[in-house]
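Student: Below you will find the structure I want to go over with you.
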Amino acid sequence: MACLLSWEIISSIRRFQNKRSDFKVGAFFVGAFSICLTFASAMKPQAIRIKNRKASFQYFLEERLVAGIVLTGTEIKSVREGKVSLNEAFCVFLMDEIFVRDMHIAEYSFGTYNNHDPKRDRKLLLTSRELKKWRTKVNEKGYTIVPVLLFINERGLAKIEIALAKGKHHYDKREDLKKKDTKRELDRLKEY
């Protein structure tokens with residue numbers, strides 16, 4: 001708001017300066033411009049990237065897709081503060097829509113009685129073609145949809161990356177742990 005006001009002030013000063021040649025703009029113009037630059041830099045979206053680390057350990061992630069997510073005002077403010085947990089989250093189909101369940105978004109610290117429920121179902125925004133394709137795959141045995149990443153794009157909108165996943169068995173998880181351990185050992189040996 002202050003940035004818009006300062007630009008309005010600058011443009012009115014320029015119009016006044018064009019009418020009167022003896023008017024000097026001076027430091028006020030520079031001060032208003034620096035105020036506007038300060039507010040513009042403060043308005044840039046932050047780099048928020050919240051990952052579901054358990055997803056790659058518990059599932060084979062086959063296909064990925066980026067979807068929009070419907071959030072209320074206090075929810076998006078909590079997301080921008082980074083107070084989100086995707087660890088227990090999963091996606092379900094209700095009617096002809098897809099929802100994320102058990103994604104925990106903490107209550108906004110400055111929220112009043114209008115604060116949101118931290119574990120409510122949140123609707124995902126996908127095209128009908130994508131919904132039909134993924135619904136048929138989920139109806140197959142062993143497939144589920146898991147949120148992998150929650151981020152804020154360059155326009156300041158919250159997006160969620162979901163993946164079509166198939167559950168791992170215990171021996172698959174043990175193999176992954178062995179691979180991580182051997183990779184860690186090799187990296188340690190390369191340093192020396």
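Student: Would you mind telling me which numbered condition in (1) aromatic (F, W, Y); (2) assigned by TED's automatic domain parsing to the domain that holds R64; (3) exposed (fewer than 10 other Cβ atoms within 10 Å of the Cβ) Y143 fails?
Tutor: Going through the list (1) aromatic (F, W, Y); (2) assigned by TED's automatic domain parsing to the domain that holds R64; (3) exposed (fewer than 10 other Cβ atoms within 10 Å of the Cβ), Y143 breaks only (3).
Student: Considering only the stretch 138-163, state which residues are part of a loop (DSSP other than H, G, I, E, B) and either within 23 Å of R49 (Cβ to Cβ) or polar (S, T, N, Q) (or both).
Tutor: N139, N153, E154, R155, G156, L157
Student: Ok, one more. Would you be able to say whether some residue in the stretch 167-182 is surrounded by 16 or more Cβ atoms within 10 Å (Cβ to Cβ) and of a type in the set (G, A, S)?
Tutor: The answer is no, given that none of the residues of the stretch 167-182 is surrounded by 16 or more Cβ atoms within 10 Å (Cβ to Cβ) and of a type in the set (G, A, S).
Student: Among the residues of the stretch 74-105, how many are surrounded by fewer than 18 Cβ atoms within 10 Å (Cβ to Cβ) and assigned to a loop (DSSP other than H, G, I, E, B)?
Tutor: Of the residues in that region, 7 qualify.
Student: Of the residues I145, I160, I152, which single one is among the β-branched types (V, I, T) and over 16 Å from E63 (Cα atoms)?
Tutor: Result: I152 is the single residue among I145, I160, I152 that is among the β-branched types (V, I, T) and over 16 Å from E63 (Cα atoms).
Student: Let me ask another. Here is a list of conditions, (1) touching a Phe, Trp or Tyr at 6+ places or on another chain (Cβ under 7 Å); (2) not in a helix (DSSP H, G or I); (3) not small (G, A, S), and R135 meets all of them except one; can you say which number that is?
Tutor: For R135, the failing item is (2).
Student: Considering only residues of the stretch 123-140 that are more than 15 Å from G68 (Cα to Cα) and touching a residue at least 12 places away in the same chain (Cβ under 8 Å), which is surrounded by the fewest Cβ atoms within 10 Å (Cβ to Cβ)?
Tutor: Checked the stretch 123-140; the qualifying residue surrounded by the fewest Cβ atoms within 10 Å (Cβ to Cβ) is R135.
Student: Search the stretch 154-164 for residues being surrounded by 12 or more Cβ atoms within 10 Å (Cβ to Cβ) and at pLDDT 90 or above, and hand back the single one that is farthest from I98 (Cα to Cα).
Tutor: So, considering only residues that are surrounded by 12 or more Cβ atoms within 10 Å (Cβ to Cβ) and at pLDDT 90 or above, the one farthest from I98 (Cα to Cα) is L157.
Student: Name the pairs: first residue in the stretch 82-99 and polar (S, T, N, Q), second residue surrounded by fewer than 16 Cβ atoms within 10 Å (Cβ to Cβ), Cβ to Cβ under 6 Å, at least 6 apart or on different chains?
Tutor: S85/H104; N87/K54
Student: Checking the conditions here, which among L61, L71 is closer than 25 Å to D172 by Cα and surrounded by 14 or more Cβ atoms within 10 Å (Cβ to Cβ)?
Tutor: L61
The values are calculated or read from the model by the stated rules, or taken from the named source; none is laboratory data. These numbers come from a predicted model, not from an experiment. Cβ: placed from backbone, ideal geometry, glycine included. Neighbour counts: every protein chain shown.
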